[in-house]
Amino acid sequence: MGNHLIELKHIRKSFFGVDVLKDLNFSIEKGVSTSLIGENGCGKSTMIKIISGFYEFDYGEIVINGKKYHHLTPIEAMHEGIQVVYQDFSLFPNITVAENIMTNSLIADNRRGIPWKEMTQSAKKALERIGADIDTDILVSELSVAQKQLVAIARAIVMDAKLIIMDEPTSAITYKEIEILLKIVQELNAAGIAVLFVSHKLDEVKAVSKNVSVMRNGNIVYSGGIEGMTQEKMVFYMTGRELVSRTFIYERPNTEPVLQVKGLGLKNYYKDINFDVYEGEVVGITGLLGCGRSELAKSLFGLMPCDCGEIYMHGNAVQIRSVRDAMKSKIAYVPEDRLTEGLHLSSSISDNAIVCLMEKLSSRCGFLNKRKMVETYQEVLNRVSIAGMEYDKEVRMLSGGNQQKVLLLKWIATEPDLLILNCPTVGVDVGSKSDIHELVHKIAETGVSVVVISDDLPEIRQLCNRAYMMHDGMFCNEFKISETTSEEMEHFLTNNIKGREE
Amino acid sequence: MKEKKTGGSRLKISNEKLKFIAIPLTLFIIILVLDPADFLTVGNFRSMSFQMVELGLISLAMMFAFISGSIDLSLASTANIAAMVVAFILKSFDGHELTDQQWGWVLVLCIFAAAAAGVLCGLFNGFLVAKCKLQPMLATLGSMYLFSGIVFMFTQGKSIAGFPELISDFGNGTTFGIANTLFILIFVIVLSAVLLNKMRFGKELKYFGTNKKASLFSGINNSKIMMKVFVLCGLIAGITGFEYVIKINTAKADYGASYVFTSVLCISLGGVSPSGGKGGVFGVVCGLIAMQLLSSGFSILGLGTSMKNFLWGVLLLGVMVFNYYLECREMKKKYAGK
Amino acid sequence: MAKRILKSNECVLIVLIAVLLVAFYTVNPAVLSLGNVFSMCSSATLNAIFALPVLLIFVSGGIDLSFMAIASFIMFTTTKILLNNNWNPSIVIVFLIGIGMGIGLGCINALFVNAIKLPIFIVTLATQFLFDGSILAFVGTGKQVVPGKMADFGKMALLQIESDGGRISTLRATVLIVVVLYILIWLLLWHTRLGRNFYLIGGDMQAAERAGINVKKTYVLLFVIVGAICGIGGIVNACTLRTVIAGDLIGGEMPVIAAVIIGGANAEEGKGNVVATLLGVILITVISNNLTILKVPSYMQEFILGIFIILSTVSQVLRNRQKYR
């Protein structure tokens, strides 16, 4: 009992009469890192918000350091040493790094003045503690994503935290930075700070935490030590069903490659890229974030046109300077960030399904063919089952996995020859993930070539038949998935990291 | 596309439209009950139809800007540039003895000249926003001053007046009992409705307004859309300039500056959101009628037009609070239904 | 660090003002005479006061359109109250009445901004019409001459210097109000929690809520402060003009907003600071005042103002682009 930092007892929470948390019991020990996993919509984020005092709970009590709360405010939670590193970091773009790091603690301490000098010093100290080298005087809007994450962590430790909740901290950073992050977590634990690690990636959970809790439908269905926990068990607890994963078997046809890239380069991002993709093939491109993989994909789609090299589609050289050029060459691109780059969130599902087909659905003088529009979106959306699907429902009402399906379908509807997927399952729960994988395989079987860009090695292994590894803007290895073990691939990836550090 | 939706949604759409009709209808009934004798006269309706044309035109232009998620503060100045062009053309023909038919051709020339002037202004705005990547608010604030400065320079700050009587007779005349200038408004309303609902441009505009980045990633030519929006705004503003010159028979640099904000009021009443992507011609027309009913209805009731601005403000705030309340209720329903 | 200062917006503005002054000076040396400098100060006073409410709302991520309507309402109503009661109190009391009324009107703004989840731009557009209309509808119309003590304050001189030609140049006491207000708001924005909270809300409202900031309460305080400054501005305007007309000031929003924008404030990003805003006001005053002295017709001034707004925003966009490269 006395070992518990925080205990949630019989917590209930409902929104508009719908129970999101049902009689939830959960506890975290002092100075220990615990992982929390669960599918999207299982109530994870609601629970985090209740612990951080952001939501009020309807019933039950929270015991923090032996003190009982029936009502918890954000300020009280902060005073109890609870800090959250949000998935979107929750930083202020318009103020300096130093002020971002210190603001929460100043607010929690109810200080009226602004001690500018002290602020910079403390901020520098906090950044040093986690080994980050960031100028404290620049605005946060000028930082990279990984730097923002470090600033968010620095902000949490500045507050004399006893518990740091990290909400999917690895979704935006690279392998190398994940390693640093894991090291930071260990150091925090050593310093007596507990960490609650929320993640979708099961291997990280194993690497980082001592205890694991699995949530499903507003309840904790498993709590215990990490030992003996296997990937399959975790998935079973999360989804309540067992998933069969299958690898993609592919036989190269005796034809010309669909996409051929020769000596492609873009200054500061990547150089001398050569590869080809055949009909119906699923090719993976993996590597650390910042290795140029996203930029390469964007170049193929005309968002960041390349400066040198040639791109051939079906053997014909094509110039891709804009998205429309790429679409004319029958290239489709599913972006990484579906919320800001992929979907029109407040538009209906049907409108989202046909956004790329405007040219086809209108006459030459620009009039829309409404009947064809209806037919098209019905056909497009009926390819896969989407939970909660209604044609005129706003896309934002769907869950992350179902949104991703709509995004994928929207591009499949353009009948592309080449489909580029950039991190297709980021933030997608395990159930939808396998649906999406199945969909990708189905498309490939119809003869569409697919390029998958991802830093998630298990995903690459499951989706692709061939993969390239990218490092510092260049391709360094090529793998046939069926002939390579996952250990070998990981070995190459980490070797590249070490190579970079030297 | 809307015809083929599921049963529940058809109901929702008509609800939406009902909401827009409700405001002017309620006002109509109130005024009708309070003073039917003065309100239900042909003269009153005619004067209302004369008054609402300019605001209606500017509001439609502003609607396009709002749907794209931007704003055009230079609409009134653009209208004044077009008005100046029309005035100069009319002046140059003033001394000549022309037949009625020839004057008709002069008017056609004026319309085209006004539209061209408006389009030029729109191109300038579009260039600033789409090519130089300025924020629309700042760019059009600058061009607002620029355009009215141009009119001031050419007119030396004086108003141009005194056109042939024939012109003002036409501008204040009626055909089949409907004000001639109202035909211009009706034409632009139909044009806007077709553009927005039947054309690819309207669909792409809504996509663009909802999420600019996603439309870029979906192969929509964002800068072309932005360009088109501002050209369209300029075009409608140019027509407005023509309309007011033939109606009030003067052109000056600072005419109708308040229309810019009044039009925002009008389209907000009509459910057009400043954050982009939402809105339609039907709502804007309802908002326009509501505002016109308020201002002329209350002067009929002898409450004085001084109440006008106050009541406009009250109406908009009331509608916003009401909409917010409705939205909250809808959210509750959606969650409960999950 | 030095590079950053050189590239800052403030530095560009100072250089621009200096260049303009030198250019005007070469054409007409009278531009830098004491008399003209004092007159520039007087004409900058009002814009400088009204730039503050605009700036405060800009850094909080919104655009206020009601500030002139609030000022106009207060200016007319205060005078009316004093005249109707045959009251000629000391100027301090007049300011207190104005500030009190400003706080009240600010609360109305805050009430609606908090009640409806809509941009400040739209809400204050509605309240602009509300305040503007209620002057004519409920307070009165026409012209009024302000009571004696207000007029005396408007005429009060801080400095009077007789130049060679026997002409007397006066620096009006109202300039002091600007100085005091700017120091206060600078302190507020840089050295108080509340002021920083404005920036935080302007930067990311959700993050601000998560950090434990009570956004609704902050909005109330924001609009109360804005209302109070508008009240002061309204009274200063009444004192300087000595006659108030119902609905005066309304419609003058744009030049003030333009000055704040030239000062580098940006509502979308929650950026802006007091010093640069003051420089923006000075720049606009230098242009418009001296063009008048140089006998450039007033109708040219709008044109030139427009060019300046476009150029300054283009330069800001260009500078930002360089930064991200």
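So which of C:V180, C:V175, C:V139, C:V123 is closer than 30 Å to C:E269 by Cβ and surrounded by fewer than 21 Cβ atoms within 10 Å (Cβ to Cβ)? Of C:V180, C:V175, C:V139, C:V123, the one residue that is closer than 30 Å to C:E269 by Cβ and surrounded by fewer than 21 Cβ atoms within 10 Å (Cβ to Cβ) is C:V180. The set of residues from region B:213-241 being touching a residue at least 12 places away in the same chain (Cβ under 8 Å), in a helix (DSSP H, G or I) and either in contact with a His (Cβ under 8 Å, 6 or more places away or on another chain) or within 14 Å of chain A (Cβ to nearest Cβ) (or both) comprises B:N222, B:S223, B:K224, B:I225, B:K228, B:L232.
If the condition is being more than 19 Å from the chain's Cα centre (by Cα), away from chain B (no Cβ under 11 Å), under 21 Å from A:F301 (Cα atoms) and in a helix (DSSP H, G or I), then region A:378-416 contributes A:L409, A:I412. For region B:188-199, the count of residues that are of a type outside the set (D, E), facing another protein chain (nearest Cβ under 7 Å) and either without any contact (Cβ under 8 Å) to a residue 60 or more places away in the chain or farther than 30 Å from C:A258 by Cα (or both) is at least one.
Do we find that A:T286 is touching a residue at least 40 places away in the same chain (Cβ under 8 Å), part of a loop (DSSP other than H, G, I, E, B) and closer than 21 Å to A:C423 by Cα in this structure? No, not satisfied.
Residue-wise test of (1) of a type in the set (A, V, I, L, M, F, W, C); (2) at pLDDT below 95; (3) under 16 Å from C:L176 (Cα atoms).
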{"site": "C:G35", "(1), (2), (3)": "no, yes, no"}
{"site": "C:M40", "(1), (2), (3)": "yes, yes, yes"}
{"site": "C:A44", "(1), (2), (3)": "yes, yes, yes"}
{"site": "C:V59", "(1), (2), (3)": "yes, yes, no"}
{"site": "C:D64", "(1), (2), (3)": "no, yes, no"}
{"site": "C:F67", "(1), (2), (3)": "yes, yes, no"}
{"site": "C:T77", "(1), (2), (3)": "no, yes, no"}
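With closer than 20 Å to A:I311 by Cβ and surrounded by 14 or more Cβ atoms within 10 Å (Cβ to Cβ) as the only criterion, which of A:G280, A:G263, A:G218 stands out? Among A:G280, A:G263, A:G218, only A:G280 is closer than 20 Å to A:I311 by Cβ and surrounded by 14 or more Cβ atoms within 10 Å (Cβ to Cβ).
Of all residues in region A:54-84, those satisfying the criterion of being surrounded by fewer than 23 Cβ atoms within 10 Å (Cβ to Cβ) and of a type in the set (G, A, S) are A:G60, A:G66, A:G81. Based on this model, can you work out whether B:Y244 counts as more than 8 Å from every other protein chain (Cβ to nearest Cβ) and surrounded by fewer than 24 Cβ atoms within 10 Å (Cβ to Cβ)? No: the conditions fail for B:Y244. Residues in region A:85-114 that are within 7 Å of chain C (Cβ to nearest Cβ) and β-branched (V, I, T) were compared, and the one that is surrounded by the most Cβ atoms within 10 Å (Cβ to Cβ) is A:T103. Evaluation of B:N249 against the conditions (1) more than 14 Å from chain C (Cβ to nearest Cβ); (2) more than 20 Å from the chain's Cα centre (by Cα); (3) within 26 Å of C:G252 (Cα to Cα) shows that the sole unmet condition is (3). Among the residues of region A:338-355, are any among the β-branched types (V, I, T), within 21 Å of the chain's Cα centre (by Cα) and within 9 Å of chain B (Cβ to nearest Cβ)? Yes, there is a match, as at least one residue in region A:338-355 is among the β-branched types (V, I, T), within 21 Å of the chain's Cα centre (by Cα) and within 9 Å of chain B (Cβ to nearest Cβ).
State whether the residues of region B:67-77 include one that is surrounded by fewer than 23 Cβ atoms within 10 Å (Cβ to Cβ) and at pLDDT below 85. No, region B:67-77 has no match at all.
Kindly evaluate B:S296 against the criterion of being touching a residue at least 24 places away in the same chain (Cβ under 8 Å) and among the hydroxyl-bearing types (S, T, Y). Criteria met by B:S296.
Quick check: anything in region C:25-44 buried (at least 22 other Cβ atoms within 10 Å of the Cβ) and more than 14 Å from every other protein chain (Cβ to nearest Cβ)? Let's see the steps before the verdict.
The initial filter retains those residues of region C:25-44 that are buried (at least 22 other Cβ atoms within 10 Å of the Cβ), namely C:44.
Now restrict to residues that are more than 14 Å from every other protein chain (Cβ to nearest Cβ): C:44.
Scanning region C:25-44, I find at least one residue that is buried (at least 22 other Cβ atoms within 10 Å of the Cβ) and more than 14 Å from every other protein chain (Cβ to nearest Cβ), so the answer is yes.
Does A:I165 satisfy the condition of being buried (at least 18 other Cβ atoms within 10 Å of the Cβ), in contact with a strand residue (DSSP E or B) (Cβ under 6 Å, 6 or more places away or on another chain) and either of a type outside the set (K, R) or in the same structural domain as A:K206 (by TED's automatic domain parsing) (or both)? In short, yes. Residue pairs whose Cβ atoms lie under 6 Å apart, separated by 6 or more positions or on different chains, with the first residue in region B:305-331 and more than 8 Å from chain C (Cβ to nearest Cβ) and the second crowded, with 20+ Cβ neighbours inside 10 Å, are B:V319/B:L269.
The residues listed here are B:V264, B:V281; of these, the one that is within 24 Å of C:G251 (Cα to Cα) and crowded, with 20+ Cβ neighbours inside 10 Å is B:V264. Residue pairs whose Cβ atoms lie under 6 Å apart, sitting 6 or more positions apart in sequence or on different chains, and linking a residue in region A:414-439 that is without any contact (Cβ under 8 Å) to a residue 60 or more places away in the chain to a partner that is surrounded by fewer than 22 Cβ atoms within 10 Å (Cβ to Cβ) and in a loop (DSSP other than H, G, I, E, B), are A:L439/A:V384.
Hey, can you tell me all the residues within region A:2-53 that are assigned to a loop (DSSP other than H, G, I, E, B), touching a Gly at 6+ places or on another chain (Cβ under 9 Å) and at negative phi? Reasoning before the result, please.
Residues of region A:2-53 that are assigned to a loop (DSSP other than H, G, I, E, B), as a first pass: A:2-3, A:16-17, A:30-32, A:39-43, A:52-53.
Pick out the ones that are also touching a Gly at 6+ places or on another chain (Cβ under 9 Å) and you get A:2, A:30-31, A:39-43, A:53.
Of everything in region A:2-53, those that are assigned to a loop (DSSP other than H, G, I, E, B), touching a Gly at 6+ places or on another chain (Cβ under 9 Å) and at negative phi turn out to be A:G2, A:K30, A:E39, A:N40, A:C42.
Hey, could you check region A:151-177 for residues that are out of contact with any helix residue (DSSP H, G or I) (no Cβ under 7 Å at 6 or more places or on another chain) and either part of a helix (DSSP H, G or I) or among the acidic types (D, E) (or both) and say which is modelled with the highest pLDDT? Going through the qualifying residues, I end up with A:A152.
Of the numbered criteria (1) surrounded by fewer than 16 Cβ atoms within 10 Å (Cβ to Cβ); (2) away from chain B (no Cβ under 14 Å), the one C:A115 fails is (2). Only residues that are touching a Ser or Thr at 6+ places or on another chain (Cβ under 9 Å), under 29 Å from C:E268 (Cα atoms) and touching a residue at least 24 places away in the same chain (Cβ under 8 Å) were counted in region A:105-123, giving 2.
Would it be correct to say that B:V272 is among the aliphatic types (A, V, I, L, M), in contact with a Lys or Arg (Cβ under 7 Å, 6 or more places away or on another chain) and either within 14 Å of chain C (Cβ to nearest Cβ) or part of a helix (DSSP H, G or I) (or both)? Yes, satisfied. From the residues in region A:115-145 that are at pLDDT 85 or above and assigned to a loop (DSSP other than H, G, I, E, B), which one is farthest from the other protein chains (Cβ to nearest Cβ)? Looking at the filtered set, the residue picked out is A:I134. Against the criterion of being within 14 Å of chain A (Cβ to nearest Cβ) and not in a helix (DSSP H, G or I), C:I213 qualifies. Scanning region C:196-210 for residues that are at the interface with chain A (Cβ under 8 Å from one of its Cβ atoms) and either among the basic types (K, R) or surrounded by fewer than 19 Cβ atoms within 10 Å (Cβ to Cβ) (or both) returns C:R196, C:Q206, C:E209, C:R210.
A single member of C:V260, C:V224, C:V281 is more than 13 Å from the chain's Cα centre (by Cα) and either away from chain B (no Cβ under 14 Å) or assigned to a helix (DSSP H, G or I) (or both), and it is C:V224.
The values are calculated or read from the model by the stated rules, or taken from the named source; none is laboratory data. Computed from a predicted structure; not experimentally measured. Methodologically, a virtual Cβ is constructed for each residue, glycine included, from the backbone with ideal geometry; neighbour enumeration extends over all protein chains shown.
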